[in-house]
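A.B. asks: Let me give you the structure first, and then I'll get to my questions.
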């Protein structure tokens, strides 16, 4: 509404109009308060939706049974191999015997002809215009000169090779006043070894006797060169080869990082009950957070809302179901049998000791309780229920749609009320300004009459 401006007169028009408008504005203030309530409801529904999404994420590993794939691993000699867990582990003891580590091919060039290189920036007149490398069966051309007559040096060769990013790393090393070009595969193993071809190049496939672009090898360079090799090891007597010293799959659920040749270590893989309990506790916490969000909404902006209460009831119904076809006497058909119980306030609590006892007794039954091929595990049913709740026609989205409809209606009502109040304020101002003017004229006439009578 516009501000009120009047001239001073017999009555205070501004104060009177303001007081009248304060009374007339009560319906608008009530509407604004109602709109604030609707927006708070939307916010509370958003929190419930987010909590349900987090709960759904937490049950993914429960549905698949991967939450039981929590293991702890150790090596009797960590100087031979480092160990870390992945997925798909099987508890057991594995003897790892490492006979050879994987290496990258490395060639060192330190001469032009038979002359040592004392200046990395010196021109190499015999260098060709280009070199060719083959890595993983792919041929790559490295241009040493962009145009005829360009200077080619040890450093420029290194820079040109590195610019190609082809799986060969080049570096220039200085030692005792002499410079060497070191070429090395960026990855180990025979599959990643490089081969040099092209004019003025000879690759023997060995450590020595190689020539590249006018560069050759001294005896020292040959001794510093090495061939690519795969790692060789046995796991419980079974031969394994790997192009990398990081070996995956040789032991199910374990990655090996090989450090030492001609040595052995014993790797022990055990199920990690603490890790499994941690995965389950994440589910418990996520479920309880949903209930906390529902409680906040029902004691606040959505007090007594039946739709919000139904979310809690539907989730609880799933948690108390039994798995069809499972004998609860001889197996696990209820969550409560494996240590996950509903409390008086509706939250759930994990008894880790009871769960671990059930897991030791029958791990397959525990896995099937949460997820199975019939898709009627508790986690699977819970996931289906949450999908329904969060879907376009689910309780969360339908409630939001209903509230948004009320917001639209309320905003339209406010626009109408504001327009009427603006018109009323203008009307009040005009009426009381006119009254003020009339009263002023009457006062002036009275004063004139009094003056005339005083002269009689």
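A.B. asks: Express the Stokes-Einstein translational diffusion coefficient of the stretch 266-307 in µm² s⁻¹, to the nearest whole number, given a Kirkwood radius over alpha-carbon pairs, 10 °C and a viscosity of 1.306 mPa s.
C.D. replies: Answer from the Stokes-Einstein relation: 122 µm²/s.
A.B. asks: State, as an integer percentage, the relative contact order of the chain based on alpha-carbon contacts under 8 Å between residues 6 or more apart.
C.D. replies: It rounds to 24 percent for the chain.
A.B. asks: Then there's this: Assuming 0.36 nm per residue, please report the length gained on full extension of the stretch residue 32 to residue 123 beyond their Cα-Cα distance.
C.D. replies: Gain on extension, residue 32 to residue 123, equals 24.4 nm.
A.B. asks: Further question on the same structure: Per DSSP H run of n ≥ 4, the term is -39500 (n - 2.57); total these for the chain, divide by its residue number, and report the mean residue ellipticity at 222 nm rounded to 500 deg cm²/dmol.
C.D. replies: Rounded to the nearest 500, the figure is -14500 deg cm²/dmol.
A.B. asks: Another question about this same structure. What do you get for the angle between helix 154-164 and the principal long axis of the chain? Use alpha-carbon atoms, 0 to 90 degrees, nearest ten.
C.D. replies: Tilt of helix 154-164: around 50 degrees.
A.B. asks: Right, here's the next one. Average projected area of the Cα convex hull of the stretch 320-456, in nm²?
C.D. replies: With every direction weighted equally, the projected area is 17.6 nm².
A.B. asks: At 25 °C and 0.890 mPa s, grab the translational diffusion coefficient of the stretch 106-224 from Stokes-Einstein with a Kirkwood Rh over Cα pairs, rounded to a whole number in µm² per second.
C.D. replies: It diffuses with D of about 173 µm²/s by this estimate.
A.B. asks: Using the reciprocal of the averaged 1/r over all distinct C-alpha pairs, how large is the Kirkwood radius of the stretch 1-127 in Å?
C.D. replies: The answer is 26.2 Å.
A.B. asks: How much length, in nm to one decimal, is gained on full extension between residue 384 and residue 84, taken as 0.36 nm per residue of separation minus their Cα-Cα distance?
C.D. replies: 104.6 nm is the gain from fully extending residue 384 to residue 84.
A.B. asks: Testing the spin-label approximation: label points 7 Å from Cα along Cα→Cβ at residue 57 and residue 11. State their distance in nm.
C.D. replies: Between residue 57 and residue 11, the simple spin-label model gives 6.5 nm.
A.B. asks: Additional query: How long are the semi-axes of the equivalent ellipsoid of the stretch 114-168, defined as square roots of 5 times the Cα gyration tensor eigenvalues? Whole Å, largest first.
C.D. replies: Equivalent ellipsoid semi-axes, largest first: 21, 13, 10 Å.
A.B. asks: Relative to the longest principal Cα axis of the chain, at what angle does helix 13-24 sit, 0 to 90 degrees, rounded to 10?
C.D. replies: With rounding to tens, the tilt is 70 degrees.
A.B. asks: In percent, what relative contact order does the stretch 106-224 have, based on Cα pairs under 8 Å that are 6 or more apart in sequence?
C.D. replies: That works out to 35 percent.
A.B. asks: Related question: For helix 352-361, what angle does its Cα long axis make with the longest principal axis of the chain, in degrees from 0 to 90 and rounded to 10?
C.D. replies: With both axes taken from Cα atoms, the answer is about 50 degrees.
A.B. asks: What does the convex hull of the alpha-carbon atoms of the stretch 223-266 project to on average, in nm²?
C.D. replies: Average of the hull's projected areas for the stretch 223-266 equals 3.7 nm².
A.B. asks: Would you please state the base-10 log of I(q)/I(0) at q = 0.07, 0.08 1/Å for the chain, with intensities from the Debye formula using one equal scatterer on every alpha carbon?
C.D. replies: Taken in order of the listed q values, log10 I(q)/I(0) reads -0.72, -0.79.
Read-outs throughout are calculated quantities, based only on the coordinates presented, and are distinct from any laboratory measurement. Not measured: the values here are computed from a predicted model. For neighbour counting, all protein chains shown are included, and Cβ atoms are generated from backbone atoms with ideal geometry for every residue, glycine included.
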